[in-house]
Every structure is written in structure tokens, then in C-alpha cells.
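The values are calculated or read from the model by the stated rules, or taken from the named source; none is laboratory data. Because the structure is a prediction, the values reported are computed rather than measured. Using ideal geometry, Cβ is built from the backbone for each residue, glycine included, and neighbour counts are taken over all protein chains shown.
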Amino acid sequence: MKNLKTILFIGLLGSLFSCENLDIDPQQSLSTELAFADKQSVEGSLLGVYSLTQEWEVFGSLPQVIADFQSDNVRFIGSFPTLQEISIYTTQADNATLRDLWRAHYRAILAANAVVAFTPDSPDETLTTEERNQFVAEAKFMRSLLMFQLVNLYAQPVNIGGENALGIPIVTDAFSGEITSYSRNTVGEVHAFIINELNDIIADLPDTYPTSAFTRGRATKGAANALLSRIHLYRGEWQLAAEKAKAVLDADDIYGLASNYNFWGENNSEYVFSIQNSEIDNGRTGSGGWGSYYNSAEDGGRGDAPFSDYLLDAYAETDERLTALSKENVNAEGVSLLYTTKFPDVVTHSDNSPIIRTTEVVLNRAEALAQLNGINDESLELINALRERAGLDIFNAGDFDSEEVFLAQILEERRKELAFEGHRRMDLLRNNLPLRPEGDTYFDESKPGENKTILPIPQRELDINTELVQNPGYE
Amino acid sequence: MLKNLNLLFTMKRVLLSLAFSVLAVISVMAQNRNVTGTVTSEDEPNGIPGVNVSVKGTMVGTITDIDGTYSLSIPEGSNVLSFSFVGFETQEKMIDNQSQIDVFLTPDVKTLGEVVVVGYGTQSAKMSVQSISSLDNSQIERMPIFTAQEALQGQAAGVQLTGTSGVGGAQQNIRIRGVASLTAGGSPLFVVDGVPLNDGSSGDYANESGAVTLNPLMELNPNEIESISVLKDASAVAIYGSRGANGVILIKTKKGTSGKSQINVDFYRGVQSPTTVRPYMSLDQYNQYRSARTGDPASSFPQTGFDWPDAVIEQGKISNLNVSASGGSENTTYFISGTYFMQDTYALGNELDRFNGRLNMTHKFSDKARFGANVGLAKTYNDRINSDNSTFAPLTSAFLHLPYSQPFDDNGNYTRLGFIPNLLALADLAKTDYITRRTTANTYFEFDILPDLTFKTDWGIDQIQTEETMRYPDIIEPTGEGYKRIIQDYKWLSTNTLNYQKYFGDSHYFGALLGYSYEQSDFSSMTVEGSGFVSDKLPNVASAATPTITSATGTGWRLASYFARVNYRFKDKLLFEGSARRDGSSRFGRDNRYGNFWALSGGWVLSEEKFLQNNSFLDFLKINASYGTAGNDRVDNFASLGLYQAGSLGDYAGSPGIYPSQPANPTLGWEESAQFDFTLYATMFNNKLDVEASVWNKRTTGLLLDVPIPYTTGYASYAQNAGSMRNRGIDLMINSLNVQSSGFEWRTILNVGFLENEVLELPGASEDNEGRRFVQGSSSQRAIEGYSVNTFYLVRYNGINPETGEAEWLNGDGESTSTYSTNNREIIGSAIPRISGGLTNTFSYKGFDLSALFTFTQGNYIMYDDLRFLYNPNNLNSFNLDPQLLDYWTEDNPNSFAPRLGGTTQSNFGQRSTIHIRKGDHIRLRNLSLTYNVPAEILERTKVFRSARIYGMAQNLLTFSDLEEGLEPEISGNGSDNQIQGESFFTPAQAKSFTLGVSLGF
């Protein structure tokens, strides 16, 4: 009895001295030092940059949906108050969706900046100089692409506001703990930064990658040239726009027009750069992705963005861009609506994000050449190739009374080719055209230069960073 | 880890096998002569039942029976009987030749009767210098409640409790003496029988079903609770160190008492309905409004509608069956209990079932050594629904569905309705289960090293496994979707204390507690999700074509603590206490790993002084004051590290990737709350009136603040110990026996707390246009320097201009304008009630008890965020709307609710403003109960029943407030988020319930 108690007592006393180890490591994360410790982790950090742009707010359809809701290609049947106010030009500076959009872009920019900053010093000796340069170049491509998307949304286009219009902050630092209050660079500075950076990195970028997913989904010489072509086009630098487009189209072993519209959804020569999405990426986010916005409720989408009547009127009845790429749906009230089939995955939202397509590059060149040379054969040839693919009659030079009519036709082809891919808003604004046609309720508010054709700097950012200046109409 | 687990299992096995072998060894020894007698006291002249009578120096003993008598065989050679009972002084009597020994026990001045549970021990309620609100089981059992927290509402001064929603199993939002933190958890620490509970504060419990998060007391049945102590001031909580800043709630479960086994059966059953339901447009109203808006005749719109809210609100049912038994021999006591609780809430598709079991036992090896075990087991099955901001939430989407949306097509099949799903199909075909299995247990061993020095070691576990299963059919998610998440959170702790108590002479009492504890929690989760099913009949993710989530995670924390408490009393008149704790936590950076917390308090029993004696009304008067600190460690497990996260947000095109997820902050440290408390406690008029009043001031410094930084840095915020906040208030408790005459008794208990919260400093935070620093909680509220942590900051709505028919708001200069701008936001008020409390009146007459508990809050605002949808004219053809929109401006209707159709403010009318906010002041008849106790004479005749009670209860029967129909005042749509309080997004209203029950004792 006595012994028993003693044993028990000593045993329990032992519990007093149980090991006290308070150092434990996270299991799902790496410390920042480890994130650039070897080749695998450096490449992982780079792929993380691409991955962050899969988010809904970056290339997961939100900026494109916003552009569509502001312009005339879709009819808003929305449920989101924050998107609703953008579509009816009553946007407020505290719009939470726009705040998140700003945030998600700069988060991806930070990830890119970290790759630019830390890759050269990675201690892994098996990482060659060429690989390091390429990784840095890819990260630079991504931050240029991100900043360009931001400046288009948050600043007046250069043709309206000029080079000195307020743009967005150019951020190239990898956050070190010191909080910098960045101010807005001008649109001209942002453009110049992007153009310089892209020109610098072309030499370091590969033409292709071992897999088609990477050739279409990672930065390449072709992607950098194509992006340059778009920037120069937006800036009215026609010669450069045409040249850069040509640089892309000349690589015809990599890029070329598909023969029909079955190219959607696959990695093929129709894509210069597309963010690769899989079932696990945009997953079941509550806000959805491409498939969610552009599909009917009946098919499992939100049904927010069917064809507008304006867009329907633009297509000829037999235009395959209409017939092959749309689907009719009758809603609860018996009204028939047409939805695009470019993004069919309503279940896992795994459709790739078509950021730069060969078709766009073709249209860039056609437009730039027409601006330079008026009605010309090469432009005609380029747009006729698209019309033939759509099953339409081709144009002859004599069909156009003037250079203006010709340019308007190129723009119209651009609208019909690139509908639902987020191009329409900038294509109208850079041509000094209103976002909504005359007769629309919001025609006046949608004119180029109007305050709410561009987005407000998030109120949250202004509250913290006194260096930022709000866009007019949002103060 | 594995090693520790094994060690624990081994330890437990050894302990248990030892315990049982010891039990077997003890047997009754030879017995000789017999002694009988009766034990009485002044209050109980007819005999005290349950008094321990033992033969000194032997294992022989018994307890007195119901009339205070005992009979005992005395072994040869023994000559001393010992009589002991809680609250009385132990007496020893020489036996000699006596065969009858009657004993008169006197109350023990050391414990002075009522005992209160404090951290790591108990104290005399009257001699304690801690500020504690205490509830006994009579205050808990009287309600048909699912979790024990609900009992605290209105029954503990200084405790603000808000039911978060009417969804089954929704957590209760508890704030003890205000909120002491911004970003770190705000809930108190729950400790059951010495085991601090996992409370899911880490965020790892996040799940797919919307607002409901883990309720730490979900698996504890209120029937099993003996007492609840709410520790409020620094002297009470400092002993819990880094987890004490939000207050501590100590729960003690029931124990058996020696004597004949007593069996209790309790059963109740009832019905439930929502306290209030939102108004919504009928199809006719909708068509009428649409016609007015579009100019088309109403007849051109759909003419067949469906009443969605009516379809998703049904009559709820609630029932509960509890069977328990308790008793024991002189050395061993037990309490065993089993409960089945079932609630089918008023929301379509929401059901809750819970099975509880509990076994508590104690055993005395000898005069010096004791051991005990408390084991609670539970399984909760929750057929969940989403709530709040989720389109899958029936009580949200029913009010948003267009009134002409049809759940069935012409063939009677479910329709696919898209973004706002078909709620009937969802309830019928989807599987949305949440199962929790939990074991909370501890075993302890106590040994009296010296007569006044006791060693206690306690091993506790709190093991939770949750299993969340969802399976949406094709009609809801095209091709079908399946989801399963299993969480295991295994926590164990070892607590070891030395306790010393001694009187030196008559005047000096000295007590000391010294302890060490180590606590470790290991969390793991496994989640799979897939889509693409051949058939809705395949329930598991394994049948899915495309796995969309395949995830397994792990995390954990450790806490090592040293603590001590010293008590000194001089002549039971002057009281002193000091306590201290040193905590080391794995959650903090290496530089700030350890934190020290302490408290000092002193009391003076004035009624013991000569100048207050010999007065006719004052029975007892004590004042005490305390000051001390406590901390808050409710931060993410790895908040101080700079991190790159891997996983599906980092991968790209099939290759693994990582991304920066958190900036480093190696200096991250503890949040510390320093509190001053002054309390007066008085008992008057022959113990008929108790008054307790406390004035307190709690100041939190080093506030863990996610200082928002410009998004352009790439991060949203930076965790810092910046900022300070103050809560101060008055707690008042009055317990009055108003009338006591033959057969009739009327008692009133008032608990009320006055609270003022103010954010003092937020260094580094954003500044608004008036130069005030703030941290934003939601689009409607923020913490602002100089104001409350939950300050609503909105544009002030100024009504419809009767002249123009346009909506108007106030601009920065207080002028009315028809231009809406968020730059005109101003401070509206706080979401935190200034006054909250409860008033209980109990009337007893000849076996009848009538009890009414009113709860009340005053001084808070509530944002009904959903009104932004319902009042928004732009949502025509997107959602159903509020019928008030039909009251639009025309020249004949200049004083309208809504602006002129086609006016310029039509599109801005739905913008966030004070039109969506209300004052939350209300009084609610929270609980009304009528009980009939069958008289003892009748029961005796049955020879079966010891007691019998029949009762009826009504919950939330009446609500008095200025709120219009459909607006529920008791909500907290964002759960326990400190920075977002008092916001509702279609948050389901509390349930009104009627129950009938019967309770039998055998």
C-alpha cells in the first residue's frame, strides 16, 4: 500500500518535467530565406507570381468584367452591388471590389519584385546566370503586364489625359519592412517604365518552353513583343505598334491564326500569352471566375453578362463568331438571352485567361498600318483572314470611302473578335469614343474623359497614404 | 509529438490501472461495537444529511442519512470519531463507552459557508478579494438552452452576451467587461474542470458554412454543470496570465455525494418560431412596382409566383432528455449523466442532435491521498445551413429570390435557378452535415504532503474531431460537387500545483499556491473536394471526376507556464492576495516569447469592525480593490514569421509554386491589459438583500494591431504591438428577497453592467479627413481614436426632399445634398451597448415557482446591411425588394420613403448610409417559466419518487423596442470578430420557443 502510493506519487511528479519545447515551425509555409535558397524554390517563387494572377481580381475575369460592364458589349444583369455601381457610373471610392482589385495586383507585383531582387543572390550554384536572367525577365514581364492593366483602369488614357495625367505608383521594391508611401507616377512615366523594361528583357526571354502550357502561359519573346505592340497602339505610336506586332507574327512556327473557333480552351498557336488555370486554381471561389460571369444561371453561372443588344446588332446573322461562340438561354421570365461560350467551365472555373491572342496582334498590326498608310493591302489581308474564318465575305479596298471608315471597320472587327475578353473599354476610350452608344441611359456619363469612366483610387489607400491623389469626381 | 502522445497514453494507463487495483485492495475491515447518533447545526436542527463520520486512524466511515443520523461499527482499538462537512468545522469526539454520540456542528469561519470557484482552487465567497460572478445550477437548469453560455445572458453583471443568430448551434458572442483587443480573439478563456478548452480562435476551424464557428461549449450539456464562475478583475484572471485579458469562465461539472444513489430524469419538448420575419414584396406588389418603374402594364409580367420566405420558415421543434445518477460510498463518489438533445430549427434544413455522456468520480485512498476523474464525451450532429452573406443561406436567399422564381418546373421537377439557388432543392437534395466528436477529460491525483500542504497533479485533454460533409446535387452545382473536411485538434495539458493553507493562531491565515503547467495543442486537417458526378446518388468525393481540393495541413502551439498565488488574512478582517504567472508561448517571436503577468489585491471586512457592529440592518460589508495585468495570446500560430506559402494559390500550370503571404515581425509580443477594480459587497436585513457593486477600468496596451499598410507594399497589414484601448464600467448586482411569508416568496435579482469603450491610440493607422486615426473593421464601422472600437461611420441620410422628390444626405457641413459621396461619412455611434443586463423575478407559492428573466441593452446601434439590397431600386429584376419602395415620391405623395421614379438619386438611393442603421435598444422577456413541485407528502405515498417537478417555459416571448417588424436586435452576423460587431446580413432572428417539461427524482 505504502509502496504503491510512493510509485504513483513519483510517477506523477515526473510529469512536472515534461519537455518544454516552444520552438515549432509552420508546416504549410517557408520562411522568406528558404524561399530563394535553391533552384526549385526560386522557380517556385517565380511560378507563384503567375499563380497570384490567377486570382479573380487580377486575370481571373474581374478587370475584364468591369471593362465589359462599363462598355457596350454586355448587358448587366448583376447581383453584385459593387459591380452594379460601376456599370451605372455611380462608383464610390470605398467600393470594396475595386479595393481588392488594387490589392491583388500589388500583391502579385510584390511577388515579382521579390523574384527580381532575390534571384541574382540565390546561394544555389547550380542555378546558371542564364536561368537567373530568365527568371528575372519573366518576373519583370509580369509586373509590366500588371501595371499596364492597372494604369488602364485607374487613369485617363494618354490620348485624353496626356502624358502627365496621374497614373499609378510604379513599385519595384521587395518589401523589407519599411513602409513607403508611394505617390502616383504619371501615365507617361508608367508607360515609359513598361516599355523600357519590356525592351530590356526580350533578349533574356525564351521563344518557347518544353511544354505547351508554359509556352503559352509563361513570358516569352513573343509575349513581350505582343504586349509592346498593344502599349504602342494605345499610345498612338503606330510604327512601333506595327513593328512589334510583326515580330510576333513572324514567329509563325509558334503563333498563327487558328482555322476555326475550336481553338478555345486549348494551348495552341492562337495564344501568345494566357494565364493557365486548372480545377484547383480558381476553384470554388464565391465570386466566381470567367465561367461564372459569362454563363447563364441555367448552366450554373451567375448569368450576369449576356450579349447586349448593341453587340448583337453588330454581328451579321451568319457570323460564326456569333453562331459558333454563343448559346441561347431563356430566363425565369421567358426572355431569351445570348451568352458567350468562350468560357464554358462553370463548375471549376478552369478556363484559361486569354490575355494576349494572336488575333489581337493581327488586329494591332492591321490598325497600326491603317493609321500609318490609310487603306492598305496588308491591313485588308489581315482583317480578311479574320472575316474568312468567321465565314463572312472579304473586303476590298474599294469598299471603304475613307481612311476613317476603314479604321472604324477594323475597330468593329476587333470588337467582334475580342468580345468578352476585356478589350472593348480601352479600344473605345483610346479612340475618343463613348463607352455606351447614343440613346443609352448612361451615354453622357460614359463619354471619354468623364470622371467615372475610370476607377477611383481605393479610399482605403488614400486614408493611409497621403501621397496618393484621388481621381476627379471621387473626392 | 508522437513521443509525447505515447507518454500520455502510458501515463493514463498506469494511472488507471493503479487506481483500480487500489480500489480493489480497500475492503471493509473487522468491526466490533456500534455507535449511533445525530448530527445537527443551528440552521438544520433536524439533522444534516451527508456529513462524513469516520473513525480516526482507520478507513472506516459513513455519512449521515437524510435525517442526519448515522450508525457505525467501531474497530477494536479505535476511540476517536471525526465529523466533517463542507462549510463546517471538523469535530472529533472520544468514543469511550458511549453508544450514542450526537454532534452539533458549527460553521467554519475559514470558509464561511459559500465557496466560490477561482483559478486553480476554491475560496470562501465572502473572504475572496476577486471580482467574480457566479451562477449555480439552479440558474442554468431553468432554461431550455443548448449551450451553457446562454445561461449567462442577463445573469452575470459585466458580461455582454449576444446570440449570433437563430441558426442551430450558433455560437454566443461573449464579452467580459468589454472587448480588450482589436485583432486578437475577444472571447474569454473557458476552463472546464481545470481544462482550458480549445475554442477555435486560431482560424484553423474556418469552414465552408458561413458564419457559425466553433462554440467551445457546444459539447457540454448545461444539465451537467454544477457552477459557472466568471472571473472579471485582474486579481481573478492574472493567474491565467497570457489568456486572461478577456476574462475567464470556469465551469465545474457536477460531482456525486456520498450516500444513497439518486436518479434524476428530466425531459422537455417544445416548439420554436422566429421572433420576427422581414417584410417582402408579394408578386402583386412586385409587379405593381415594376410596372411603375418600366411603364409596362403589370399584366405583362409573370402572374404566378412563389412565396419563398414562407417555404423556408417552418415550425421548429426542440426536445431534451437527460438521465443522471449520483451517489457513492464514504470513499468513492460518482456522477453519471447522459443526454439527448434534438432541435429542428425554424429554418428549413437545419437540425441539431447531440448525445452527451459524462462520468465524474472521486476516490479517497486514505486520509492523505485522493484521485478523481471527470470524463465528458459528446457527439453533435448538425445538419447545417448557411447563413448571412451566402446565397446558399435559406434565410438570406428566400428574401432575395424574385417572387416569380419557381422552385418546380411544369413537370414538378426542381428548377435550376443559378446564382441564388433553388432553396427547396438545396434542403431536399444537398447534404450539409457537420459532426463534432469531442472528449474533454481530466484525471487528477491529490496528496497531502503535510496536513496543510497538498500536492495536486492533473492531466487533461480536450480532443475534438469535426467532420464536415457537403454534397451538392447537379441541380445546385452543375455536375454535382462533394466536399469533406476532417479536423482533429488534440490538446493535452499537465497541471501541477502545491497548495498550502494554515491558520497561525487565531488571527493570521496564510495560503499559498505554486504551480507549473504545460499545454500543447496539435491540429491537423484534411480536406477533399471534387466535382463531376455521374449521379447524385454517389455521396462521396471519391466518385468525383475532378478533384479540386486535396489538402492536408497541420499546425500547433505550446504554452509553458509558472504561476503562484499568496493569500494573507488578518482576523478575517483584512485580506490580501497577490498572484503572478509567467507564460512562454510558441506563438511569439523568440525575442518576446515569455510574458509576465501579476495582480495585487486587498480587502477590508468593515462589518467586522466595532463601529459597524450592533447595527440592525448590516450583516456583512466588505470593500476590496485590485490592480494587475493579464495578456492575450490569441494570434495566429506563426504571426511573427515572414512567410512564403505553398499550395494551390502558389502552384502554376501543374508545377509547384510559392508566394509571399506574410511579412516578418520578430518583435511581435504580448498584448497586455492592466485592470483596476474596486468592489463593495454588502449583505443586509438578515441576509435578505445582497448588493455587489464594482467600478473598474481596464487599459489594454501593446494592442496587437494589423496596422494597415498601403497595398502597394504588396501586403495588407503588418502585425504590430501598437495602440491602446480603455474599457471602463460599473457592474452592479442586487439580490433581494422582497417577500418571505408562509408559503410565499418573492425574489428579485438585478444584474447590470455599464460599459464605456474607447480607443486611445492607434499609432501608424490611417487618418480620416478630420485627422483621427482609425482602423477599418467593415465598410460601415471602424475603430477610431477617441471613440469606441466599433464606431459606425456612415453618410447621414436626410430623407426625401418633399419639393424635389430626390433623396438627400448631409454633406460635411451638415447641409442637405442630393449628391451622395462617401467623403461625407461621419461618426454615428457605437455597436457596443452602454448598458446591458438582466432582471429576474421569482415568485414561489406552495410548490409553484414563477420566474421571469428580462434582459436589456441600451446605447448600441445595429447596421442592417441587408437593407442595402432590399431598399435598392437598382435591384429591380435582380432581387425581391422591400415593400416600402412602393411608397415612392409623387407630387401627391411628397412625404415618401423612396425617391421619385426616374430621378437622379434613384440610382444612389441604395448606397450605404444611416437609412440602414437602427438603435439597438431593447428589452426582451428572455425566459418565463412556471414550475410545479409535487409536494413531499404525495411523493412519499408513491414510494418511488423522491422529487417531481412539472414545468413550462417560454423563451424570447416578448421584445420591446423601436425596431420595425423584421429587424432582430440580437444579432452578430460576423461572429466574434472584434472589429465588426452589430452588423446583420439577413442574420436569422432568435427563436421564440415554448417548452413543457417534467423532472423526476428517484
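For segment B:28-60, give me each residue that is at pLDDT 80 or above and closer than 18 Å to B:Ser366 by Cβ.
Of everything in segment B:28-60, those that are at pLDDT 80 or above and closer than 18 Å to B:Ser366 by Cβ turn out to be B:Asn52, B:Val53, B:Ser54, B:Val55.
What about B:Ser913, is it in contact with a strand residue (DSSP E or B) (Cβ under 7 Å, 6 or more places away or on another chain), surrounded by fewer than 24 Cβ atoms within 10 Å (Cβ to Cβ), over 30 Å from A:Val335 (Cβ atoms) and within 14 Å of chain A (Cβ to nearest Cβ)?
Answer is no for this residue.
Please pick out the residue among B:Gly647, B:Gly743, B:Gly714 that is away from every other protein chain (no Cβ under 11 Å) and over 25 Å from the mean Cα position of the chain (by Cα).
B:Gly743
If only one of B:Asn596, B:Asn632, B:Asn624, B:Asn592 is surrounded by fewer than 20 Cβ atoms within 10 Å (Cβ to Cβ) and more than 14 Å from every other protein chain (Cβ to nearest Cβ), which one is it?
Step by step, each of B:Asn596, B:Asn632, B:Asn624, B:Asn592 is checked, and only B:Asn596 is surrounded by fewer than 20 Cβ atoms within 10 Å (Cβ to Cβ) and more than 14 Å from every other protein chain (Cβ to nearest Cβ).
Could you tell me how many of the residues in segment B:489-540 are surrounded by 15 or more Cβ atoms within 10 Å (Cβ to Cβ), away from chain A (no Cβ under 14 Å) and of a type in the set (S, T, N, Q)?
Qualifying residue count, segment B:489-540: 2.
Does segment B:864-871 contain any residue that is farther than 28 Å from B:Pro279 by Cα and out of contact with any strand residue (DSSP E or B) (no Cβ under 6 Å at 6 or more places or on another chain)?
No, there is no match, as no residue in segment B:864-871 is farther than 28 Å from B:Pro279 by Cα and out of contact with any strand residue (DSSP E or B) (no Cβ under 6 Å at 6 or more places or on another chain).
Among (1) modelled with pLDDT of 95 or more; (2) under 30 Å from B:Asn665 (Cβ atoms); (3) not aliphatic (A, V, I, L, M), where does A:Pro157 come up short?
(2)
Of all the strands (runs of 3 or more DSSP E) wholly in segment B:40-152, which have at least 1 residues that are among the polar types (S, T, N, Q)?
B:52-55, B:61-63, B:69-74, B:80-84, B:91-94, B:121-124, B:132-136
Got at least one residue in segment B:572-585 being over 24 Å from B:Val129 (Cα atoms), of a type outside the set (A, V, I, L, M) and either touching an Asp or Glu at 6+ places or on another chain (Cβ under 9 Å) or not in a strand (DSSP E or B) (or both)?
Within segment B:572-585, one or more residues are over 24 Å from B:Val129 (Cα atoms), of a type outside the set (A, V, I, L, M) and either touching an Asp or Glu at 6+ places or on another chain (Cβ under 9 Å) or not in a strand (DSSP E or B) (or both).
Specify which of the listed residues (B:Ala369, B:Ala347) is aliphatic (A, V, I, L, M) and buried (at least 23 other Cβ atoms within 10 Å of the Cβ).
Of the residues listed, the single one that is aliphatic (A, V, I, L, M) and buried (at least 23 other Cβ atoms within 10 Å of the Cβ) is B:Ala347.
Only residues that are at pLDDT below 75 and either part of a loop (DSSP other than H, G, I, E, B) or more than 7 Å from chain B (Cβ to nearest Cβ) (or both): list them for segment A:10-49, please.
A:Ile10, A:Leu13, A:Gly14, A:Phe17, A:Ser18, A:Cys19, A:Glu20, listed by residue number.
Within segment B:320-347, count every residue that is among the acidic types (Asp, Glu) and in contact with a Ser or Thr (Cβ under 8 Å, 6 or more places away or on another chain).
The total comes to 1.
Has segment A:92-106 got any residue that is within 8 Å of chain B (Cβ to nearest Cβ), at pLDDT 95 or above, out of contact with any Lys or Arg (no Cβ under 9 Å at 6 or more places or on another chain) and not in a loop (DSSP other than H, G, I, E, B)?
Yes, segment A:92-106 has at least one match.
Let me confirm something: among A:Ser269, A:Ser296, A:Ser292, which residue is in a helix (DSSP H, G or I) and either surrounded by 18 or more Cβ atoms within 10 Å (Cβ to Cβ) or touching a residue at least 40 places away in the same chain (Cβ under 8 Å) (or both)?
Result of the check over A:Ser269, A:Ser296, A:Ser292: A:Ser292.
Any chance segment B:546-559 includes a residue that's within 9 Å of chain A (Cβ to nearest Cβ) and assigned to a loop (DSSP other than H, G, I, E, B)?
No, segment B:546-559 contains no residue that is within 9 Å of chain A (Cβ to nearest Cβ) and assigned to a loop (DSSP other than H, G, I, E, B).
For the list (1) surrounded by fewer than 17 Cβ atoms within 10 Å (Cβ to Cβ); (2) part of a strand (DSSP E or B), I need the number of the one condition that B:Asn615 fails.
Result: B:Asn615 passes all but (2).
Just to verify a result, which residue in segment A:424-457, among those that are within 13 Å of chain B (Cβ to nearest Cβ), at pLDDT below 95 and assigned to a loop (DSSP other than H, G, I, E, B), is surrounded by the fewest Cβ atoms within 10 Å (Cβ to Cβ)?
My answer is A:Thr441.
Filter segment A:301-345 for residues that are within 14 Å of chain B (Cβ to nearest Cβ), farther than 12 Å from A:Val74 by Cβ and over 24 Å from the mean Cα position of the chain (by Cα) and give the result.
A:Lys327, A:Asn329, A:Val330, A:Asn331, A:Ala332, A:Glu333, A:Gly334, A:Val335
To keep it simple, each residue is scored yes or no on (1) in contact with a strand residue (DSSP E or B) (Cβ under 8 Å, 6 or more places away or on another chain); (2) surrounded by 21 or more Cβ atoms within 10 Å (Cβ to Cβ); (3) touching a residue at least 40 places away in the same chain (Cβ under 8 Å).
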| residue | (1), (2), (3) |
| --- | --- |
| B:Asp690 | yes, no, yes |
| B:Val695 | yes, no, no |
| B:Lys698 | yes, yes, yes |
| B:Gly702 | yes, no, no |
| B:Met725 | yes, yes, yes |
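Tell me which of these B:Tyr861 doesn't satisfy, since it passes every other one: (1) within 14 Å of chain A (Cβ to nearest Cβ); (2) modelled with pLDDT of 95 or more.
(1)
Are any residues in segment A:180-208 at pLDDT below 95 and either buried (at least 18 other Cβ atoms within 10 Å of the Cβ) or more than 14 Å from chain B (Cβ to nearest Cβ) (or both), and if so, which ones?
Of everything in segment A:180-208, just one residue is at pLDDT below 95 and either buried (at least 18 other Cβ atoms within 10 Å of the Cβ) or more than 14 Å from chain B (Cβ to nearest Cβ) (or both), namely A:Tyr182.
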